[in-house]
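For reference, the structure discussed in these notes is given below.
The values are calculated or read from the model by the stated rules, or taken from the named source; none is laboratory data. Just so we're clear, the structure is a prediction, and the values are computed from it rather than from any experiment. Cβ sites come from the backbone with ideal geometry, for glycine too, and all protein chains shown count toward neighbours. Accessible surface areas use protein heavy atoms only, side chains included; no ligands, DNA or RNA. Shrake-Rupley method; radii C 1.70, N 1.55, O 1.52, S 1.80 Å.
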Amino acid sequence: LLMNREQRIAAFDKLGRFMSQFKTTAPEKKDDIEFNDLFFEGMKHQIALAFEHNGWFTSENIAYAFEGWSELLKKDELHKWLSAYRENNQENSKKIAVIMAGNIPLVGFHDCLAVLISGHRAIIKQSSQDRYLMPFLIQYLCHVEPGFKGKIEFTDKKLEDYDAVIATGSNNTARYFDYYFRNRPSVIRRNRNSVAVLKGKETDEQLTGLAEDIFRYFGLGCRSVSKIFIPAGYNFDRLFNSIYPWHSIINYPKYSNNYDYNKAVYLMSEFDMLENGFLMVKEDDSYASPIATLFYEYYDNEESLRKKLHVDKDQIQCVVANGFSDDEIPFGKTQRPGLADYADGVDTVDFLLKI
């Protein structure tokens, strides 16, 4: 079945409406959703399985992911996003291999959306950490728009017979991807972290937003803030006050195990650090902090910090700040990317339309 862009947008709009039922930890069944009797209970079951299989995928974090996508998968949002691109004709449909990460729920969804909305077919290799949510959503999509049937396949096997690849992994797997996919058009993503630049004049509201950027998804996302840059003499008290509402995060066994382990390592190594019972704050040059740890580094002036972050830009996903740079992200917004906020700054739709 041939579909035009309008039909594909309509299908994803329906998927977004279906997903909107699961944006809270207690899903609410709506009357006006197509095929709801077939899929509603099944989706609840997949969400439960996802958490059973991966303790980081709490019902709160899955609901947060569903909420974000249900807001983006709306006709006007999709139109606005795609208006920047020409429409791909159906004869140019290619087979795109998508290798997904599994660090946060539905982390590979944007790649899948980009492939399908631009008229291509997808071969999806999921992470073992996140294998329950996506296939069920795709099943729903194929139900509301039969034109997608046969255009999406999931595989655990070695990838064969594809025209291009979008792969996300660690720095180690990326080296392997670089070699393995060297003869195909590819987008290969590596480890990145996000940082926040504080000036000491942040409002309470901004610091509360920063807490969201730090703790959402337990800090496991590449858009999670793992490091802050602070001016000399910075007073941590206000920051600690603002993050206190997240203190119950320590009740999650996987998080508290990491907290205890990393704290023991720091104490044995006699590192200086501040801690409040659920987060350790440590001075460190690196960008990637362990779970339950936030790194910090002092800066002398904004201009030299801008230069440093520019030099290190391949290690950084987002810079959270207020009045620091042109491409900064406001406090509290890192985990709510828009459709055009491409990972690693690589425009995947543009890539897909040029192959």
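For an R0 of 22 angstrom, estimate the FRET efficiency from the Cβ-Cβ distance between N241 and Y298 and round to the nearest 0.05. E(calc), rounded to 0.05, equals 0.55. Applying the criteria of a DSSP loop state and at most 16 other Cβ atoms within 10 Å to the chymotrypsin sites (Phe, Trp or Tyr not before Pro) of the stretch 39-88 yields Y85. So, R0 is 30 Å and r is the distance between the beta-carbons of E41 and E67; what FRET efficiency does that work out to, to 0.05? It comes out at approximately 0.90.
Starting from one equal scatterer on each C-alpha and no solvent at all, send me the Debye-based log10 I(q)/I(0) for the stretch 190-326 at q = 0.12, 0.13, 0.21, 0.22 Å⁻¹, two decimals. Evaluating at q = 0.12, 0.13, 0.21, 0.22 Å⁻¹ gives log10 I(q)/I(0) of -0.44, -0.53, -1.42, -1.54. In a DSSP loop and with at most 13 other Cβ atoms within 10 Å, the trypsin sites (Lys or Arg not before Pro) in the stretch 1-91 are K29, K30, R86. Once C-alpha pairs closer than 8 Å and six or more residues apart are averaged by separation and normalised to the residue number of the chain, the relative contact order reads 16 percent.
Modelled label positions at K30 and K308, each set 7 Å beyond Cα in the direction of Cβ, lie 4.6 nm from each other. Rounded to 0.05, the FRET efficiency of the K333 and N89 pair, given R0 = 45 Å and the Cβ-Cβ distance, is 0.80. The length gained by stretching the chain between H79 and Y176 to full extension, at 0.36 nm per residue less their Cα-Cα distance, is 31.3 nm. For the stretch 156-242, the list of trypsin sites (Lys or Arg not before Pro) that fall in a loop by DSSP and count at most 16 other C-beta atoms within 10 angstrom reads K157, K158, R182, K199, K201. Extension gain for the segment D347 to Y234, taken as residue separation times 0.36 nm less the Cα-Cα distance, is 37.0 nm to one decimal. Leaving out ligands and nucleic acids, and using a 1.4 Å probe, what accessible area per residue does the chain come to in Å²? Dividing the accessible area of the chain by its residue count gives 48 Å². Between the stretch 167-230 and the stretch 14-62, the C-alpha centres lie 26 angstrom from each other. Calculate what fraction, in whole %, of the accessible area of the stretch 162-318 sits on carbon and sulfur atoms when a 1.4 Å probe is rolled over the protein chains. Within the stretch 162-318, the accessible surface is 49 percent carbon and sulfur. Residues whose amide H lies under 5 Å from that of A122, counting only those 5 or more places away or on a different chain, are I96, I152, E153; hydrogens are built 1.01 Å from N in the peptide plane.
Report, in degrees rounded to the nearest 10, the 0 to 90 angle that the Cα long axis of helix 204-215 makes with the longest principal axis of the chain. For helix 204-215, the angle is close to 70 degrees.
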